[in-house]
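The values are calculated or read from the model by the stated rules, or taken from the named source; none is laboratory data. Remember, it's a predicted structure, so these values are computed and weren't measured experimentally. Here the Cβ positions follow ideal geometry from the backbone for every residue, glycine too, while neighbour counts run over all protein chains shown. We work out accessible area using only protein heavy atoms, side chains counted, and drop any ligands, DNA or RNA first. Shrake-Rupley method; radii C 1.70, N 1.55, O 1.52, S 1.80 Å.
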Amino acid sequence: MSTLHHLFVEPFTFEFMQRGLLSAVLLSLSGGLLGSILVLRRLALMGDALAHSLLPGVALAYLLFGANLVALFLGGLFAGLLTTAGSALLSRLTRVKEDAAFGSLFVVFFATGIALVSAMKTRIDFMHFLFGNILAVSPADLWLASAACVVTLGTFAVFHRSILLETFDPVFHRATGGRGAVTHVALLCLTVVNLVAALQAMGVVLALGLFLLPAVTAYLWCDRIGQLLATAVGVALAGSVLGILLSYHVNLASGASIVLTLGAMFFLSAIASPHYGIVARLRAERREARSVLHTAD
Amino acid sequence: MDHAAHNILRFRDVTVRYGATTALEHVTVSIPCGSLTAIVGPNGAGKSTLLRSILGWHPLETGEIRIGDTHTEHLLPRLAYLPQRQTIDWDFPITVRGVVEQGRYPALRWYQRMGSEDQNRVSRALAELDISELADRQIRMLSGGQQQRVFLARALAQGADIFLLDEPFAGLDLHATDELAHILHAWEAQGRTVLAVVHDLALARAHFRQAVLLNRQLIASGPIEAALTPANIDAAYRGGRCVHDDPLRLTRTAHFPE
């Protein structure tokens, strides 16, 4: 009992741990929902590239206005939209295909961001921007995370049917009078909002891990969209809390511990998921081979 | 057709352009109410464009498309569009019932939940297409014909009376093709209007009553045998850009030496 207390309860008597926990809960709620939609829309890699491309906007906003949340958000949004629109434009006007244009632009943006951040006074800022530290979130960061969470949950509550239709069957959505472009841009903005909110906790490099890994893990278990969303949120919660504890006890970087914990859950699911895991697949194939042999007899 | 059928959909002088390319050129044609009509023609003939322009997706350079006195894009609830099968992600975490429920979504405001009337319509659509027992299955766990029926059920649940099908026979095996043709005939008997893009002339001949033969311009329309005469087909497919659309090739294989 006392070891359990030592492992799970005692750490959260510290205020920085409580803040970290609250931050994890808020980011898990919105990240789980958003990540699921990104995975279903096959935007996982694009989301990751987008996360990297936010850096110059956020860094510039930070240099000019300090830790002003509105400025950070607008800076990130601007950089993100510039990358998206820029790659669309490049692919239309030149021979370069859209994925290559996007890949090229985001890496240039990321490098610009790193250059800007490295011009800052302290090394601590540099590490924070790239990898974050969930155990060092400030009350202001928590406000931003709360706002992002409320906006995301609200959007999903109001537009869940449009989001589902646009994700599952955009053609049908459009044929019934839906506005696909609006839904798409709204999801993009939500992604930027949540990435900026997760910046302090996870950094630009790891933030998307908190969104995507729970979603792909849930994808291996669920056959209904509602279940998928709930499971993704649950996995994100469990993974981030366990990750924080791991970081506290073993003294590892917090973002990395969270992503590694979530990664472990994903790989376990990929192996053991009853319908869509590797073991289930191999078993089904063996059963099939055996039945073919039987009918051949 | 010996009686003068009431025309439900009327295209008058419809021209659609994408940049420099012309997809449809001054097409004037009427679709009789309750008819089972195939849109046929070579690749790039504007078949899908014709279907989608009904939904108001393409700005019309000239002309108009009407249901009665109203432009079609104002009557979206009466129109059900069935997308091509290959555009669907069959691994999507959704059940058969979940897909059919989507047919009710356009009628719901954002704060409304599915009511009992909506649920009844969904159940009726599932029952009519004989997939009630499959309602809780994930959509990958179905045969090709069953998958097609799920989307037909969604169209029914929508409460539409005009059905726009984009290549409904693509990728279906022989059994599923017969099944779909059977369903479409039943719908025709119930007075539903079906307009389908059909790539295969033989399929169109076998299962449809009316045809619209296109090659950017209207080549012919009317009862299927009258519209798909060898002369008309030759006119539509001559200079076609794709070898497998050349109807002559079918003739050659038929006379292949044994």
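Are any of the residues in segment B:117-140 part of a helix (DSSP H, G or I), open to solvent by less than 40 Å² (accessible area, probe 1.4 Å) and within 11 Å of chain A (Cβ to nearest Cβ)? Taking every residue of segment B:117-140 in turn, at least one turns out to be part of a helix (DSSP H, G or I), open to solvent by less than 40 Å² (accessible area, probe 1.4 Å) and within 11 Å of chain A (Cβ to nearest Cβ). Suppose the filter is part of a helix (DSSP H, G or I), in contact with a helix residue (DSSP H, G or I) (Cβ under 8 Å, 6 or more places away or on another chain) and not charged (D, E, K, R); does residue A:88 pass it? Yes, satisfied. Here the condition is being surrounded by fewer than 20 Cβ atoms within 10 Å (Cβ to Cβ), more than 13 Å from chain A (Cβ to nearest Cβ) and not basic (Lys, Arg); of B:170, B:196, it holds for B:170 alone.
Within segment B:168-194, take every residue that is among the small types (Gly, Ala, Ser) and without any contact (Cβ under 8 Å) to a residue 40 or more places away in the chain and give me the one that is nearest to residue B:127 (Cα to Cα). Step by step, filter segment B:168-194, then rank; the result is B:186. Report, by residue number, each residue of segment A:173-194 that is within 8 Å of chain B (Cβ to nearest Cβ) and out of contact with any Asp or Glu (no Cβ under 7 Å at 6 or more places or on another chain). A:174, A:175, A:176, A:177 - these are the residues of segment A:173-194 that are within 8 Å of chain B (Cβ to nearest Cβ) and out of contact with any Asp or Glu (no Cβ under 7 Å at 6 or more places or on another chain).
Among residues belonging to segment B:79-93 that are assigned to a loop (DSSP other than H, G, I, E, B) and under 30 Å from residue B:12 (Cβ atoms), point out the one that is farthest from the other protein chains (Cβ to nearest Cβ). Per the stated criteria, the residue is B:84. If the condition is being within 14 Å of chain A (Cβ to nearest Cβ) and among the small types (Gly, Ala, Ser), then segment B:58-78 contributes no residue at all.
Quick grid of which residues meet (1) closer than 26 Å to residue B:169 by Cα; (2) at pLDDT 90 or above:
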site: B:5; (1), (2): no, no
site: B:18; (1), (2): no, no
site: B:21; (1), (2): no, no
site: B:39; (1), (2): yes, yes
site: B:51; (1), (2): yes, yes
site: B:55; (1), (2): yes, no
site: B:62; (1), (2): no, yes
site: B:75; (1), (2): no, no
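Only one entry of A:25, A:108, A:70, A:58 meets the criterion of being assigned to a helix (DSSP H, G or I) and either in contact with a Pro (Cβ under 7 Å, 6 or more places away or on another chain) or open to solvent by less than 40 Å² (accessible area, probe 1.4 Å) (or both), and that entry is A:58.
If you go through segment B:144-167 and keep only what is more than 20 Å from residue B:123 (Cα to Cα) and either open to solvent by 10 Å² or more (accessible area, probe 1.4 Å) or of a type in the set (Val, Ile, Thr) (or both), you end up with B:144, B:162, B:167.
To keep it simple, each residue is scored yes or no on (1) within 8 Å of chain B (Cβ to nearest Cβ); (2) in a helix (DSSP H, G or I); (3) open to solvent by 40 Å² or more (accessible area, probe 1.4 Å); (4) not hydrophobic (A, V, I, L, M, F, W, C).
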site	(1), (2), (3), (4)
A:130	no, yes, no, no
A:142	no, yes, no, no
A:146	no, yes, no, yes
A:152	no, yes, no, yes
A:156	no, yes, no, no
A:159	yes, yes, yes, no
A:164	yes, yes, no, no
A:171	yes, yes, no, no
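Checking each residue in segment B:68-116 for being open to solvent by 50 Å² or more (accessible area, probe 1.4 Å) and of a type in the set (S, T, N, Q) picks out B:70, B:86, B:87, B:112, B:116. All conditions in (1) within 14 Å of another protein chain (Cβ to nearest Cβ); (2) more than 19 Å from residue A:184 (Cα to Cα) hold for residue A:101, with the sole exception of (1). Pairing each residue of segment B:94-114 that is more than 9 Å from chain A (Cβ to nearest Cβ) with any residue that is open to solvent by 60 Å² or more (accessible area, probe 1.4 Å) and at pLDDT 90 or above, provided the two are 6+ apart or on different chains, yields C-beta distances under 8 Å for B:96/B:136; B:96/B:137; B:97/B:136; B:104/B:121.
The residues of segment A:221-264 that are within 14 Å of chain B (Cβ to nearest Cβ) and more than 19 Å from residue A:202 (Cβ to Cβ), listed by number, are A:221, A:222, A:223, A:224, A:225, A:226, A:227, A:228, A:229, A:230, A:231. Scanning segment A:173-210 for residues that are assigned to a helix (DSSP H, G or I) and of a type in the set (Lys, Arg) yields a single hit, A:174.
The conditions of being farther than 18 Å from residue B:145 by Cβ and surrounded by fewer than 19 Cβ atoms within 10 Å (Cβ to Cβ) are met by residue B:190.
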